[in-house]
Amino acid sequence: MIATTVIPAPIGTVPETGPDYGLDWLRQRRGQAAATFDKIGWPSVTHEDWRLTNVAALRAMNFQRPDRRHMPTVEQFAGLSLKSLGAQEIVFVDGQFTPELSSLTGAVELLPFREALDKHADRMQAFLGRQLLPESNGFSAMNLAGFTEGAFIYLPAAQDHSGLVHVLWVTGNHDNPVVVQPRNLLLVGANARATIVQSYASFSRSPALCNTALEMIVGQGARVELITWQRENDNAFHIANDVMDLHEHSTVQSLVVHAGGHLVRNNLTVRLTEPGAEAILNGLTFAAGKQHIDNHTLLDHLRENCPSHELYKYLLGGEASGVFRGKILVRPNAQKTDSKQTSKTILLSEEAVMNSQPQLEIYADDVKCTHGSTTGPLDDEQLFYLRSRGVPAVEARALLTYAFARDVLLRIWHDGMREYMEKFISGELHRLHLDQAKT
């Protein structure tokens, strides 16, 4: 039985730890994470990495773990599920594995932690809490100390999985502030192929904190597409800490899509740990009203001949604010690095604000590294061109914003997921334009 636990509001108070399932090593790691949280607390704006994202509002809220599951309606779940695309799907509602909504059978081994700790004991002990360290920030420490359940995804070596794997975390409809702490552990064997989606949704009437963590290890020669899709409601606070380790000649393409949440912070670290590893990072953010979306990325080049490419795009309307802080770190052993980083933002209103901070830190001398950033309104010449050919102003703006966003979506490898996301993005652009029409 897992007791209801209050996550204390004051910084420096240790959250109660989650279940250890009778495992000494897990109990020890949770205790160390709780002690780390007690030492470092939640981050504040005095910390340079958090200067532009203030989480002080969380301190005034008495978040509790949900005491029971508030199941989504049939209509709500239909709008979240990817079973229509033939996806293997594991579903968690209010932090609890929900087998009646899940479809686990397929080429990929997809298990809740409760089962994986038994069936894959050695792998769980070797990797859980080892890539994403609790010292990273207070939220990562809180997650390791307090998660109650998680998703274990294992793709054996040489498996070519052309379908989709979907990990879905849903926060139900609650009257009091609640916290859920999703954790995903993804292990991909050598020369395997897969497209994996991790998505988050919330229907809560009260503020909900979704504090997520991902650890991902990609074997030699593997090729993986990971799509992270955050579509929570306007009461949601979403904090994500994701770490990926890439082995020799492996390739990972990551796409992060943010379309919801009141305050969102996404920390993504990709470590190219062996020669020939390649990372492709794409991001797409839609924000309106008073939303605040912050993406922090780190491309850590540890070895030679590792290319990386990064493109993050933002569409901001209303009084929304965005942050992009992308860092390319090239260590001394990472000769022949070829890395390119780009951030582009369209401001749809005069009140929207964007802070873009691309960074290069290079300790090798035989490298090619570039970065660029642009922020501004829609291009007047392009608008004039469309208007001069009889396209109404509203439609002209819609066409330009869709083309801006679709450039990222066309990079998705999986055909079915690409088409699915294009339909979703059309709806999000409609929301942005409606928000602008109100002003």
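The values are calculated or read from the model by the stated rules, or taken from the named source; none is laboratory data. As the structure is a computational prediction, the values presented were derived from the model and not from experiment. Please note: Cβ atoms are built from the backbone with ideal geometry, for glycine as well, and neighbour counts cover all protein chains shown. Surface areas here come from the heavy atoms of the whole protein model, side chains and all, with no ligands, DNA or RNA. Shrake-Rupley method; radii C 1.70, N 1.55, O 1.52, S 1.80 Å.
Taking all protein chains as present, what is the carbon and sulfur share of the accessible area of the chain, in % to the nearest whole number, probe 1.4 Å? Mind dumping the intermediate values first?
On the way: 8670 of 17520 Å².
Summing carbon and sulfur atoms, their accessible area is 50 percent of the total for the chain.
Note the full-extension length gain between residue 160 and residue 96 as 0.36 nm times their separation in residues minus their Cα-Cα distance, in nm to one decimal.
20.1 nm
If you take the beta carbon distance between residue 403 and residue 62 as r and set R0 to 51 Å, what does 1/(1 + (r/R0)^6) give as a FRET efficiency, to the nearest 0.05? Walk me through the numbers before you get to the answer.
Numbers: r = 45 Å, r/R0 = 0.88.
Using R0 = 51 Å, I get an efficiency of 0.70.
Within segment 186-224, list the residues whose amide N lies under 14 Å from a label point set 7 Å along Cα→Cβ of residue 83.
none
Per residue, how much accessible surface does the chain expose to a 1.4 Å probe? Answer in Å², no decimals.
Per residue, the chain has an accessible area of 40 Å².
If packing is taken as the mean number of other Cβ atoms within 10 Å per residue, what is the order of 249-258, 113-122, highest first? It would help to have the intermediate numbers written out before the result.
Numbers: 249-258: 22.3, 113-122: 15.8.
Those peptides, ordered most packed to least, come out 249-258, 113-122.
Could you work out how far apart the two model spin labels at residue 104 and residue 335 are, taking each label as a point 7 Å from the Cα in the direction of the beta carbon, and quote it in nm?
4.9 nm
Quick check: residue separation of residue 370 and residue 125 times 0.36 nm, minus the Cα distance between them. What number comes out in nm?
84.3 nm
Kindly flag which residue pairs out of 290/423; 290/327; 39/336; 344/423; 119/336 have an alpha-carbon separation exceeding 30 Å in this structure.
39/336; 119/336
Between residue 206 and residue 385, what is the spin-label point distance in nm, taking each point 7 Å from the Cα along the Cα→C-beta axis?
About 5.3 nm, to one decimal.
Have a look at 379, 20, 407 and tell me which one the Gaussian network model of the chain (Cα, springs below 10 Å) gives the largest fluctuation.
Largest GNM mean-square fluctuation: 379.
Could you compute the FRET efficiency for residue 23 and residue 378, with r as their C-beta to C-beta distance and R0 at 51 Å, rounded to 0.05?
Computed FRET efficiency for residue 23 and residue 378 comes out at 0.40.
Can you give me the relative contact order of segment 164-227 as a percent, contacts being Cα pairs under 8 Å and 6 or more apart?
Worked out over segment 164-227, it gives 47 percent.
Which aspartates and glutamates have a Cα lying under 14 Å from the Cα of residue 340, excluding residues fewer than 8 positions away in the same chain?
The qualifying aspartates and glutamates are 278, 300, 310, 361.
Which order do the peptides 320-328, 159-167, 369-377 take when ranked by the mean count of other beta-carbon atoms within 10 Å per residue, highest first?
320-328, 159-167, 369-377
Let's test the formula: R0 of 25 Å, r as the Cβ-Cβ distance of residue 176 and residue 38. What FRET efficiency results, to the nearest 0.05?
0.50
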